[in-house]
Amino acid sequence: MKPMSSVVRTITKLLLGPIFLFGAYIILHGHLTPGGGFQGGAIIATVMTLVLIAFGTRVWKKNILSFIESTGLLAFVGLGFLGLGSGFFLFNFLAGSDSLFFGKVIEPVTGEFAGWPANSAPLLSGGTVPLLNLFVGMEVVAALTLIIITMGLFAFDGKEGE
Amino acid sequence: MTTALGELPYITVIALLAIGLYIILVKKNLIKIAMGIVIMEAGANLFLITLAFNSGDRLSAPVFTSQIMGGTPATYSLPTPHALTLTSIVIGLATTALLLSFIMQAYKKHKVTSTDEFRRLRG
Amino acid sequence: MTFYNHLIEQAPAMVVAIPLLFAFATPLLFKFSAKFGKFWALLGVFATTVLMYVLAWDVLSEGGDVVNTYIFGAENTQLPLPGDNVVRISFAVDGMSAFMGLIMVTVSLAAIIYSISFVKKYTGNAKFFALMLLVLAANIGMVFTGDLFNLFVWFEVSSIALCGLTVFRSERGEAFEGAAKYLIYSTIAGLILLFSVGLLYGQYGHLNIKFLSEAIGGNAELLMVDKVALGLMMTVFALKAGAVPMHMATPDAYSEAPAPVTAIFVTASQAGLYAMFRMVFTLYGSNIHLTIDLLHAAGWIVIILGVVSMFVGVTMALVQKDIKRLMAYHAISQTGYMLLGVGVGMAVYATGGFDEFGRTAMTGGIFHIFNHAMYKGLLFLTAGAIIYKAGTRDLNKMGGLGRDMKLTALFFIIGALAISGIPPMNGFASKFLIYESVFKFNPIIGAIAMLVSLLTLASFVKVFYSAFMGPRMKEMARGEVPAPMLMGMAVLAGIILVFSMAPSLVVRSLVDPAVNALTGDGGTTSTSLTLFTGHGAWNAVVFMGAMISATIIAVMIRSFFGKKGMTPREEGKKPYLFGNPTEIDGRPIVVPGSNLYWGFTKALDRYYKPVEKFHSGIINEYVFWFVSTLVLVLLVMLAWVR
Amino acid sequence: MTYGELLSDAGFWYDLIHLLVLIGMIVSAMLVVRFKDLLSATIALASVSLLLSLEFFILQAPDVAIAEAAIGAGLTTAILIFAVRATRRREQ
């Protein structure tokens, strides 16, 4: 696929940042507000599609994408196995453990430990859930972009995909 | 259900399923058939979400910040079907992408787009 | 808590999580070294197999009706269900699940060992092995799941991954066609399944199977939504299992997929069977007085699907020229036996007939699932080996492979005898249970079942004759297939031989717990080394003893009274089917495999013409048959069930 | 005041928008059937997805609405356009 006109490319450059940021927000804030790894990942993948259409198919490297995809999936399952260490598969072992970022569950009014997460709404309260969202997001971005690139290459350049 | 529309979402579900099925049964173009599947998926997803909305009087989205804003925990629409629908959307995308790439490859190999020609395997 | 207890507690989740972990790591490791990647994939499937065997041992030795639950992310994985945890994702492993899990891991192990050298000549092996492991995880997930939505998810994951594998490095455009048809079929089926899950969720507000089962059983009378949901689900799972008239995409995908993938395809179809039986017995069987008519109607639907599948499958197989397509139609025909056996069990469930012959029929049907997975997996693997060496899949263009591929020929014979139900193979043991009990249920159906077995043998004679006998075709590669492929086949062949000799032990330790898990019956079918059906008995060891002594007597008679001076080779010189040089011009005489039963098929022209038109290859018509079956089943459910 | 109450309080306008979205969805789906030009049909399908995501939003499922908007209206449309580009544009 050839790059499109400079108008399209400029608009794409302008839109790129905000949409990417929105996708990242949806991923990282997914345990508290509507959204999560999949939704955010899909939004970022639409940006990737935009970039692909505006700048041509040469932009993305497939190898890196498939590496990110495998890593995301592996990290997700790995986190499930880590839960095994302190309890059971996919156990939310960070919740309520007062660890660095994700474990603090504090009642916003009284400041005391509030038990299980997601009953109240401080940002750093989901335990492993934000991490899982992040990994899912990685996987989804990479996988959907790969699909788009492979099909785009096939449709416009007549190349066989992997 | 507090709206005046009553059963209309369900009627839409039936309509979407029927239109999708009609496309799959009648239309001969393979890409049209893929579109029919997408429409049927839309119908099934809408069915699940409507179910979640209709269960009792729980009308609000399952956003937990609403509790801080003064809502009671009981006033949210059921989150389970939402999770189901999300999964079904993911699966739908995967099948659509895979099906379209098969159709593209088959076109490249044999130049077929119609189901009448897409029948080397038969008998 | 000892290590063993901890292992058993975690095993249900691990059996799914380990193949997933290995699958996702495989592409990364292939980047370093292809050899290491293959070893890693093999390690993954091996670890899963060992863990599954340990779990199955634990579950089956408890008699099968004890449910080993696993609730994801909970503080205690083994909380009783239903309880506070009904919203969570859960696995429930009982005898039937463990039985199916054993099948999945065994066939996958054989298929992955086989693939190591089978896919060597292609690129992109990393994705192949990753997808194989993913299919394994999806299949096990489908038989372990304790809630309906997970069932849908694993159903779709398995379909999508299998379609991806079907087109793996295929130069044939037909592979894309087969995969696309299978994908369209299974996607529409999946949507109907999702819709029916939605119906049950809307009515009862839960997805957990145990919870739903108690909710349905607690009703004063059957609701319309219950009947509709059961009808939809049964048809969907019959499609996944490949029952006629919703089977058309199945032979397309089976025959175009690479051989190890086809072997796994068979187990994926059987997961569909499992899901159907699970829905009928576990979801609707908790209050028999309420659902007795429903189960009776469901049983008859399953029986009719089974009989039609058996007959259409085997007759279509007789006229095939493509070796894998022929075997694919046999897979459909054999699925008919399982449907028939369990269907008879369903139809007489909770009536007097169940103790009399229903249980025997069910045991036969479920035992046949195991046998079918083993011998059909083996046969598909041998077909792959034949295609690997012959370079063609057309039966008329191959021949003489038996001279070089002696081991493959042996494995093929084992598989072919087993699928045709020749004593003393394991296929006979399960078919024996089905014949005896179905004959008591309805003599005509029993007779059809035996006729189908005969036709099966006839068509495998044709394959053996075309592929292994006759003159060697010039363009074919010489020699035996590589060792890993032989090992993969040997695993399955060994299991078939062992199970042939001790069918009653297998029934007692594997099949009875599975039947008990479905029906909650608690009975047994066999004692000691003999299988009893109430009418007759089958003991492979006695049979073998009789056969060996008969052979010895025959040899003795021949050596004492036989005509002296006749060399063994003289008989073979005649221009018979074996393709030896004729005395006239020295050229070999070959009857092409597809002409072997020409007279038979010609005589049945009035049957074959419409049936071949029925398999038209047009996907719109295929979907139409699916939808009309769906409508028919729903009509039966709504009009005839009280 | 929760989100649902906010929307229900809008009363007539809420119902009107709901009605329009549902009818628009059925009409767009019928247009998919009617259009012989596959690119037009793809755009009609995208509008089905877009209206579906609006409907999800009205039915209090914002997370599903986000996913449907990104997937249905964005990515599915893109791959359908690729597929039409790689095969024939008109349905014969």
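The values are calculated or read from the model by the stated rules, or taken from the named source; none is laboratory data. Just so we're clear, the structure is a prediction, and the values are computed from it rather than from any experiment. Neighbour counts are summed over all protein chains in view; Cβ atoms, including those assigned to glycine, are modelled from backbone coordinates with ideal geometry. Side chains included, ligands, DNA and RNA excluded: accessible areas come from the protein's heavy atoms. Shrake-Rupley method; radii C 1.70, N 1.55, O 1.52, S 1.80 Å.
Name the pairs: first residue in segment C:178-200 and closer than 20 Å to B:K27 by Cβ and more than 8 Å from chain B (Cβ to nearest Cβ), second residue assigned to a helix (DSSP H, G or I) and of a type in the set (D, E), Cβ to Cβ under 9 Å, at least 6 apart or on different chains?
C:Y182/C:D252; C:S186/C:E156
Among the listed residues C:T524, C:T456, identify the single one that is modelled with pLDDT under 90, surrounded by 15 or more Cβ atoms within 10 Å (Cβ to Cβ) and among the hydroxyl-bearing types (S, T, Y).
Checking each option against the conditions leaves just C:T524.
Within segment D:73-92, which residues are more than 10 Å from chain A (Cβ to nearest Cβ), at pLDDT below 90 and not in a loop (DSSP other than H, G, I, E, B)?
Once the filter is applied, which keeps residues that are more than 10 Å from chain A (Cβ to nearest Cβ), at pLDDT below 90 and not in a loop (DSSP other than H, G, I, E, B), segment D:73-92 yields only D:R90.
Among the listed residues B:L21, B:L17, B:L5, B:L59, which satisfies the condition of being within 30 Å of D:R34 (Cβ to Cβ) and at pLDDT below 65? Spell out how you get there, then give the answer.
Values: B:L21 fails: at pLDDT below 65; B:L17 fails: at pLDDT below 65; B:L59 fails: within 30 Å of D:R34 (Cβ to Cβ).
Result: B:L5 is the single residue among B:L21, B:L17, B:L5, B:L59 that is within 30 Å of D:R34 (Cβ to Cβ) and at pLDDT below 65.
Can you name the condition, by its number, that A:I26 falls short on among (1) assigned to a helix (DSSP H, G or I); (2) without any contact (Cβ under 8 Å) to a residue 60 or more places away in the chain; (3) within 21 Å of B:G92 (Cβ to Cβ); (4) open to solvent by 30 Å² or more (accessible area, probe 1.4 Å)?
Result: A:I26 passes all but (4).
Conditions tested, residue by residue: (1) β-branched (V, I, T); (2) within 30 Å of C:A17 (Cα to Cα); (3) surrounded by 17 or more Cβ atoms within 10 Å (Cβ to Cβ).
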| site | (1), (2), (3) |
| --- | --- |
| A:T12 | yes, no, yes |
| A:G17 | no, no, no |
| A:G36 | no, yes, yes |
| A:T46 | yes, no, yes |
| A:I53 | yes, no, yes |
| A:I68 | yes, yes, yes |
| A:G80 | no, yes, yes |
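Which residues, counting only those in segment C:482-496, are under 28 Å from C:A537 (Cβ atoms) and either without any contact (Cβ under 8 Å) to a residue 24 or more places away in the chain or out of contact with any helix residue (DSSP H, G or I) (no Cβ under 7 Å at 6 or more places or on another chain) (or both)?
Hit for segment C:482-496 is C:G494, nothing else.
Can you pull out the residues in segment C:186-235 that are among the hydrophobic types (A, V, I, L, M, F, W, C), farther than 24 Å from B:L78 by Cβ and within 23 Å of the chain's Cα centre (by Cα)?
C:I188, C:A189, C:M234, listed by residue number.
Looking at (1) without any contact (Cβ under 8 Å) to a residue 12 or more places away in the chain; (2) out of contact with any Leu (no Cβ under 7 Å at 6 or more places or on another chain), find the lone condition where C:S170 falls short.
(1)
Please specify each residue of segment C:288-303 satisfying the condition of being of a type outside the set (A, V, I, L, M) and either over 22 Å from C:F211 (Cα atoms) or surrounded by fewer than 16 Cβ atoms within 10 Å (Cβ to Cβ) (or both).
The answer is C:H289, C:D293, C:H296, C:G299, C:W300.
When you check B:T113 against the structure, is it over 19 Å from D:A61 (Cα atoms), modelled with pLDDT under 90, more than 9 Å from chain C (Cβ to nearest Cβ) and more than 17 Å from the chain's Cα centre (by Cα), yes or no? Quick ask: steps written out before the conclusion?
Working: over 19 Å from D:A61 (Cα atoms): yes; modelled with pLDDT under 90: yes; more than 9 Å from chain C (Cβ to nearest Cβ): yes; more than 17 Å from the chain's Cα centre (by Cα): yes.
Criteria met by B:T113.
How many of the residues in segment D:41-77 are under 8 Å from the mean Cα position of the chain (by Cα) and under 12 Å from B:A42 (Cβ atoms)?
Number satisfying all stated conditions: 11.
Consider segment B:22-48. How many of its residues are open to solvent by less than 10 Å² (accessible area, probe 1.4 Å), more than 9 Å from chain D (Cβ to nearest Cβ) and free of Cβ contacts under 8 Å to residues at least 12 places away in the same chain?
0
Any chance segment C:192-199 includes a residue that's open to solvent by 10 Å² or more (accessible area, probe 1.4 Å), of a type outside the set (V, I, T) and in contact with a helix residue (DSSP H, G or I) (Cβ under 8 Å, 6 or more places away or on another chain)?
Among the residues of segment C:192-199, at least one is open to solvent by 10 Å² or more (accessible area, probe 1.4 Å), of a type outside the set (V, I, T) and in contact with a helix residue (DSSP H, G or I) (Cβ under 8 Å, 6 or more places away or on another chain), which makes the answer yes.
Taking segment C:448-462 on its own, how many of its residues are farther than 14 Å from C:A418 by Cα and touching a Gly at 6+ places or on another chain (Cβ under 7 Å)?
1
Table: residues versus (1) open to solvent by 10 Å² or more (accessible area, probe 1.4 Å); (2) facing chain B (nearest Cβ under 7 Å).
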site: C:A161; (1), (2): no, no
site: C:G205; (1), (2): yes, yes
site: C:I216; (1), (2): no, no
site: C:A220; (1), (2): yes, no
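Identify the residue in segment C:2-21 that is more than 15 Å from C:N68 (Cα to Cα) and more than 25 Å from the chain's Cα centre (by Cα) and, among all such residues, is least open to solvent (accessible area, probe 1.4 Å).
Per the criteria, the residue is C:L21.
Just to verify a result, which residue in segment C:166-177, among those that are more than 8 Å from every other protein chain (Cβ to nearest Cβ) and surrounded by 24 or more Cβ atoms within 10 Å (Cβ to Cβ), is nearest to C:G242 (Cα to Cα)?
Looking at the filtered set, the residue picked out is C:T166.
Give the residue, chosen from C:R393, C:R359, C:R403, that is modelled with pLDDT under 90, touching an Asp or Glu at 6+ places or on another chain (Cβ under 6 Å) and open to solvent by 10 Å² or more (accessible area, probe 1.4 Å).
None of the other options fit; the residue is C:R393.
May I ask you to list the residues in segment C:505-518 that are touching a helix residue (DSSP H, G or I) at 6+ places or on another chain (Cβ under 8 Å), surrounded by fewer than 24 Cβ atoms within 10 Å (Cβ to Cβ) and over 17 Å from C:T106 (Cβ atoms)?
If the condition is that a residue be touching a helix residue (DSSP H, G or I) at 6+ places or on another chain (Cβ under 8 Å), surrounded by fewer than 24 Cβ atoms within 10 Å (Cβ to Cβ) and over 17 Å from C:T106 (Cβ atoms), then C:N516 is the only one that fits.
Search segment A:134-149 for residues that are at negative phi and pair each with any residue that is not in a helix (DSSP H, G or I) when their beta-carbon atoms are under 6 Å apart and the residues are at least 6 apart or on different chains.
A:I149/A:W60
Within segment C:287-331, can you find the residues that are within 16 Å of C:F380 (Cα to Cα) and either more than 16 Å from the chain's Cα centre (by Cα) or acidic (D, E) (or both)?
Passing the criteria: C:A317, C:Q320, C:K321, C:D322, C:I323.
Just to check your reading of the model, which residue among C:L318, C:L326, C:L340, C:L290 is touching a Leu at 6+ places or on another chain (Cβ under 7 Å), of a type in the set (A, V, I, L, M) and closer than 27 Å to B:G123 by Cβ?
C:L318
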